[in-house]
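See structure below.
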Amino acid sequence: MDQANRRQLVRTGTLSVGVLLLAVLLLLVNYFGWKYYKRFDWTSSQLYSLSDKTRKVLQNLHKDVDFIVFMSPDQQRDLYQPTNELIQRYGAASRRIHVKVVDLEKNPIEAQALTQKYGVQTQGVVVASGEDKRVIASADLAEIDAQSGEPRITGYKGEQLFTGAILQLSEGRKPKILFTTGHGEHSLDDQGGHGLAGAQLLLGRDNFDLSEWASLGQAAVPAGTDLVVIAGPTSSFVQPELDVFSAYLNNGGRMLVLLDPTLSPTGGGLVNTSLDGWLARYGIKMGQNIVIDPAAMLPFFGPETIFIKSYGEHPITKAFAGAGVPVLVSLARSAGAGSAPGIKVTDLLRTSDKGWGETDLSHLDKIGKDAGDLAGPVPVGAVAESALTAPGKKPMRLVVFGDSDFATNQLLGSNQDNGLLLANTLNWLVEREALLGIPPKKTEQVRLTLTGDEVRKVYLVAALLPILAVVLGGYVFSRRRR
């Protein structure tokens, strides 16, 4: 073999080995990319990142769940991108999640078939498992600010709704919640400002089964009840009812009590509901006062309507403390931690240091802080939990707020964080901690505004770049020819 052939053989062999090594390298890169798959989220609000709570739900998922996205990328551009990206992350986090995105404009026949299959009447997302499904309309995915002229998205609720739907499909049953009646409580079907129709709709999305229950004359809380709610009573409970509640709690029951400072029509203080002394047995101290906080008043509202941004350390309020979001209360009374044997009590909400509990209820037209008032920060919510339980017995859980208006239609519509507080409270009470701490995430509205002169400069630079590349290429070519 002459030297030229030997040289050609070496060159060919070297090239072949290089190609083979490159192929092996590509295979290794693809393998590690598949095995150690990672998506990054560069948004400041971590809009596309799954919370620890969602990851916990996905890790405990034991059945397949299908996500079918029925959205138009052109018509709903602001919602389509975060929805598609977030759902893809659900699919990447669990092999139980299967994602299908349907473009309503490019694939109308497929979209029509799936629309008929799942009974979808509007654009949105279907979360299905077996024969059961949840439909999330695109309008429910975002918080919209329509007061600034052009409506814009201020918060994205996709993770909250998607994780809630998965949990609903995987639970197999809905937690049963009873709302007491017969003492002037708020009604679940009331569409007015002081009704709970909005709360019923909100909690229904979290897969709760809500109904009303007349507690008077009952020997016990109905079997299978997961939670009893007393929402804003204006008259007294009798002792047999309190005994039923005590037996229920002492057996590991859960209750939510919302007590307002309802003024007695005869004067001399607040209406006696007989609940203050009963709650004291569980370490909850109710005040005979109305909470005032000049540092947290709302414009155009009276001094009794305040916002609260100070929270205790508890799973219910952890997301609020981290995000610094406010909760609105109206005409509240103090409700804080007292003491009771074997019960752990924690304050949930507090006013600012400048707040106080007004105890002179006979002269509310001349409100002013004096030595007899409860000094701030004033607690307006507390949680009690039995510290020790017998083996196999659930711990008692009791949450009390000195206001019921925060859960009514009027304030739920004014501040969506009120709804999150209500949902977090109920989810904690029934031990669904996986749904706590998933608040709406703030979206990033990034816009580039250019003047006419700046636009012309951009076009000029864009036109000159190809010409410059041709000139430089010609110059390099001519130099090499020499």
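The values are calculated or read from the model by the stated rules, or taken from the named source; none is laboratory data. Treat the numbers as computed from the prediction; the structure is a model and nothing was measured. Every residue, glycine as well, gets a Cβ built from its backbone with ideal geometry; the counts of neighbours run over all protein chains shown. Accessible surface areas use protein heavy atoms only, side chains included; no ligands, DNA or RNA. Shrake-Rupley method; radii C 1.70, N 1.55, O 1.52, S 1.80 Å.
Return the pair list, or none, for Cβ contacts closer than 7 Å from residues in region 362-381 that are within 21 Å of S310 (Cα to Cα) to residues that are surrounded by fewer than 16 Cβ atoms within 10 Å (Cβ to Cβ) and of a type in the set (K, R), at least 6 apart or on different chains.
G376/K354
Taking into account only those residues within region 94-109 that are under 24 Å from D78 (Cβ atoms) and not in a strand (DSSP E or B), which is nearest to the chain's Cα centre (by Cα)?
Selected residue: L104.
Looking at (1) modelled with pLDDT under 80; (2) in contact with a Leu (Cβ under 8 Å, 6 or more places away or on another chain), find the lone condition where V430 falls short.
(1)
Would you mind finding the one in S94, S51, S44 that is of a type in the set (S, T, Y) and modelled with pLDDT under 75?
Numbers: S94 fails: modelled with pLDDT under 75; S51 fails: modelled with pLDDT under 75.
Every option except S44 fails the conditions.
Checking the structure you have, find out if any residue of region 125-132 is of a type in the set (G, A, S), within 23 Å of the chain's Cα centre (by Cα), at pLDDT below 85 and open to solvent by 50 Å² or more (accessible area, probe 1.4 Å). Explain how you work it out, then say what you get.
The initial filter retains those residues of region 125-132 that are of a type in the set (G, A, S), namely 128-130.
Now restrict to residues that are within 23 Å of the chain's Cα centre (by Cα): 128-129.
So of that shortlist, the ones also at pLDDT below 85 come out as none.
Among the residues of region 125-132, not one is of a type in the set (G, A, S), within 23 Å of the chain's Cα centre (by Cα), at pLDDT below 85 and open to solvent by 50 Å² or more (accessible area, probe 1.4 Å), which makes the answer no.
Conditions first: (1) assigned to a helix (DSSP H, G or I); (2) touching a residue at least 60 places away in the same chain (Cβ under 8 Å). L114 passes all but one, so which condition is the exception?
(2)
Do the conditions hold for E143, that is, is it modelled with pLDDT under 90, acidic (D, E) and part of a loop (DSSP other than H, G, I, E, B)? Reasoning before the result, please.
Working: modelled with pLDDT under 90: yes; acidic (D, E): yes; part of a loop (DSSP other than H, G, I, E, B): no.
Criteria not met by E143.
Just to be sure I understand, how many residues within region 258-273 are touching a residue at least 60 places away in the same chain (Cβ under 8 Å), surrounded by fewer than 17 Cβ atoms within 10 Å (Cβ to Cβ) and over 12 Å from Q288 (Cβ atoms)?
The total comes to 1.
Need pairs with beta-carbon distance below 7 Å; first residue under 17 Å from T408 (Cα atoms) and within region 214-236, second of a type in the set (G, A, S) and surrounded by fewer than 19 Cβ atoms within 10 Å (Cβ to Cβ); sequence gap 6+ or separate chains.
P233/G184; T234/G184
When only residues in region 306-324 that are open to solvent by 30 Å² or more (accessible area, probe 1.4 Å) and touching an Asp or Glu at 6+ places or on another chain (Cβ under 8 Å) count, which is farthest from V383 (Cα to Cα)?
Among those that are open to solvent by 30 Å² or more (accessible area, probe 1.4 Å) and touching an Asp or Glu at 6+ places or on another chain (Cβ under 8 Å), it is A321.
Among (1) open to solvent by 70 Å² or more (accessible area, probe 1.4 Å); (2) at pLDDT 85 or above; (3) hydroxyl-bearing (S, T, Y), which single condition is T163 missing?
(1)
Where residues in region 284-298 are in contact (Cβ under 8 Å) with a residue 60 or more places away in the chain and among the small types (G, A, S), which of them is least open to solvent (accessible area, probe 1.4 Å)?
Checking each candidate, the answer is G287.
Within region 146-159, how many residues turn out to be in contact with a helix residue (DSSP H, G or I) (Cβ under 9 Å, 6 or more places away or on another chain) and either open to solvent by 50 Å² or more (accessible area, probe 1.4 Å) or modelled with pLDDT under 75 (or both)?
Here is the first cut: in region 146-159, the residues in contact with a helix residue (DSSP H, G or I) (Cβ under 9 Å, 6 or more places away or on another chain) are 152-153, 155-159.
This time we only want the ones that are either open to solvent by 50 Å² or more (accessible area, probe 1.4 Å) or modelled with pLDDT under 75 (or both), so: 152-153, 155.
Final tally of qualifying residues: 3.
Determine, yes or no, whether Q112 is closer than 22 Å to N60 by Cβ and at pLDDT 80 or above.
Numbers: closer than 22 Å to N60 by Cβ: no; at pLDDT 80 or above: yes.
Answer is no for this residue.
How do the strands (runs of 3 or more DSSP E) wholly within region 209-261 filter down when requiring 1 or more residues that are closer than 21 Å to M286 by Cα and within 24 Å of the chain's Cα centre (by Cα): which remain?
Details: elements: 209-214, 227-231, 254-258.
Output list reads 227-231, 254-258.
Taking region 157-180 only, how many residues are at positive phi and of a type in the set (A, V, I, L, M, F, W, C)? Break it down into steps so the answer makes sense when it comes.
Of the residues in region 157-180, the ones at positive phi are 172.
Applying the additional criterion that residues be of a type in the set (A, V, I, L, M, F, W, C) yields none.
So the answer is 0.
Residues that are more than 17 Å from L422 (Cα to Cα), at least 3 per element: which strands (runs of 3 or more DSSP E) completely within region 280-356 meet that? Spell out the reasoning first.
On the way: elements: 284-286, 290-292, 305-308, 327-330, 335-337, 343-350.
Hits in region 280-356: 284-286, 290-292, 343-350.
Which of the following residues is farther than 22 Å from V380 by Cα, open to solvent by 20 Å² or more (accessible area, probe 1.4 Å) and touching a strand residue (DSSP E or B) at 6+ places or on another chain (Cβ under 8 Å): D226, D243?
Working: D243 fails: touching a strand residue (DSSP E or B) at 6+ places or on another chain (Cβ under 8 Å).
Testing whether each residue is farther than 22 Å from V380 by Cα, open to solvent by 20 Å² or more (accessible area, probe 1.4 Å) and touching a strand residue (DSSP E or B) at 6+ places or on another chain (Cβ under 8 Å) leaves just D226.
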